[in-house]
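A short worksheet on the structure shown next.
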Amino acid sequence: MKHKKHFFNTLFILVAIFLGVEIAGFYMASRNGSGDATQSLNGKARGERLDELKARRTVLRERLEGLAPQAVYIVIDTARNTLYVRNNKAVIRAAVASSGSGNVLMEPNGLRKWVFDTPRGEYMIESKRHHPVWIKPDWAFIEEGKAIPKNAEDRLEDGVLGDYALGFGNGYFIHGTLYTRLLGRNVTHGCVRLADDDLKAVYTAVDIGTKLYMY
Amino acid sequence: MKSLRWIPILLIPLIAIDAISTEEDSVKDQNQLLETELKIAQTRHIYFIFDLKDKKVYVKARGLVFRELEIKKIRFWGNASVAKAASLIKKSTWFSPKRGMIKPRTNNKDEEFSMETLELKDMPANYTLILEENLSISVRPKPTDMISSLWSIQYPAKWYLTRPVLTVWYALWRKPFTSIEIVLEKNDARTLYWSFLEGMKGIVFSPGSHP
């Protein structure tokens with residue numbers, strides 16, 4: 001009986017503490033705002049009249065719009081495996097693509113590791129090639145269980161990249177594919193694959209220097 | 001009774017002043033968002049805007065919108081700030097997707113078709129994005145059936161029990177604490193998980209939160 005009473009007393013105290021903390025937490029959350037960088041901005045804006053604020057908004061919008069590419073650009077949605085050629089906000093062409101598989105390859109001796117992701121962020125078309133020849137990198141030989149050739153000519157493979165290839169740095173390309181049934185899936189080693197007609201349209205629409213956004 | 005006729009006329013300036021002040025606040029908020037976004041948009045990175053007013057998540061770069069996700073429901077708790085920019089520290093989930101390991105081939109057979117890949121369907125829809133300065137965004141999928149609806153009952157209970165305690169805890173350490181819970185369509189939640197990588201910047205736009 002004594003133990004039972006002691007238990008209920010302890011439970012009552014714990015519940016009371018918990019409720020106290022809850023009330024304190026609710027009270028603190030209800031007090032709006034804390035000191036951070038946004039206060040200084042508000043302070044600066046506080047003295048401005050409505051028309052001045054609107055004028056500043058127009059300037060800020062124009063500055064933001066000025067950051068966007070002024071010509072045609074490419075957007076690649078790696079989650080949905082879709083490539084868009086856009087001009088300002090208008091979509092000129094949408095194409096089903098294949099992007100990186102996210103898989104990992106380890107060299108048998110464990111010295112090197114490759115992660116097959118399509119890179120994210122802003123890039124630029126650095127090269128345009130007609131009838132491209134693939135220079136097979138080391139990982140391609142390792143994946144196939146073959147020895148890495150010493151002779152550079154043994155790395156050349158014709159006809160696997162389609163009719164065109166657009167390079168965007170670090171060995172990544174937008175190119176064609178022999179595996180058209182895998183378009184729309186994440187199966188590549190980081191490059192972006194397109195069907196022949198889409199590839200031709202993209203190749204024709206863009207120039208070297210065209211911006212490329214991947215997310 | 002005749003004097004009552006003047007009441008609406010007297011109220012008109014008050015209503016007008018209130019409307020101007022509301023518009024002023026709204027423009028101030030927009031300016032603050034634009035200032036914050038301008039800083040991030042000058043970099044080569046993809047960034048996110050969680051617009052709690054319009055209930056949208058935007059995937060953007062250079063000020064351009066690439067994807068727009070609709071937020072079905074929002075809960076907000078903590079230190080209010082109009083346009084807060086923070087980098088993603090980590091994505092926290094019970095079952096994070098695992099990358100497949102490629103085994104080098106032993107023969108000349110084409111084995112690409114049996115390759116396991118990491119795709120949108122493998123991404124979780126229930127997770128927490130932990131950003132800088134103790135800002136966390138919990139993402140939940142919209143319940144689609146009876147079981148998921150019943151399961152989702154726990155979220156508000158957990159929210160109102162734990163948030164006050166965490167507020168007090170962080171206040172003791174003199175640290176800010178902000179917690180947001182958003183409900184998205186399952187596929188949108190997965191898209192956000194896929195696209196939001198560690199180190200990326202996000203802006204939480206919470207208009208009307210003037211200090």
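Assorted remarks:
- Each peptide among B:42-52, A:93-103, A:58-68 gets the average number of other Cβ atoms lying within 10 Å of its residues, and from highest to lowest they stand as A:93-103, B:42-52, A:58-68.
- Considering only the protein assembly as shown, percent of DSSP beta bridges that pair antiparallel, nearest 5: 75
- Dividing the summed helix terms, -39500 (n - 2.57) for each DSSP H run of n ≥ 4, by the number of residues in chain A produces a 222 nm estimate of -10500 deg cm²/dmol to the nearest 500.
- Whether chain A is rounded, prolate or oblate, judged on the alpha carbon gyration tensor where a/c under 1.5 counts as rounded: oblate
- Loop-located GluC sites (Glu not before Pro) in the stretch A:130-165, at most 16 other Cβ atoms within 10 Å (DSSP): A:E144
- For the residue pairs B:K121/B:K142; B:K73/B:K98; A:K89/A:K200; B:K73/B:K186; B:K55/B:K186; A:K211/B:K60, the C-alpha atoms sit more than 19 angstrom apart in B:K73/B:K98; A:K89/A:K200.
- Estimated dipole of chain A in Debye, rounded to 20 [Cβ of Lys and Arg +1, of Asp and Glu -1, Cα centre]: 1280
- Gyration tensor (alpha-carbon) shape descriptor, the protein assembly as shown, a/c threshold 1.5: oblate
- Each Lys and Arg adds +1 at its Cβ and each Asp and Glu adds -1 at its Cβ; summed about the Cα centre, the protein assembly as shown shows a dipole of about 1580 debye.
Bear in mind that the values in this text are calculations on the coordinates, not laboratory data. These numbers were taken from a predicted model, which means no experiment stands behind them. All Cβ positions, even for glycine, are placed from backbone atoms using ideal geometry, and neighbour counts span all protein chains on display.
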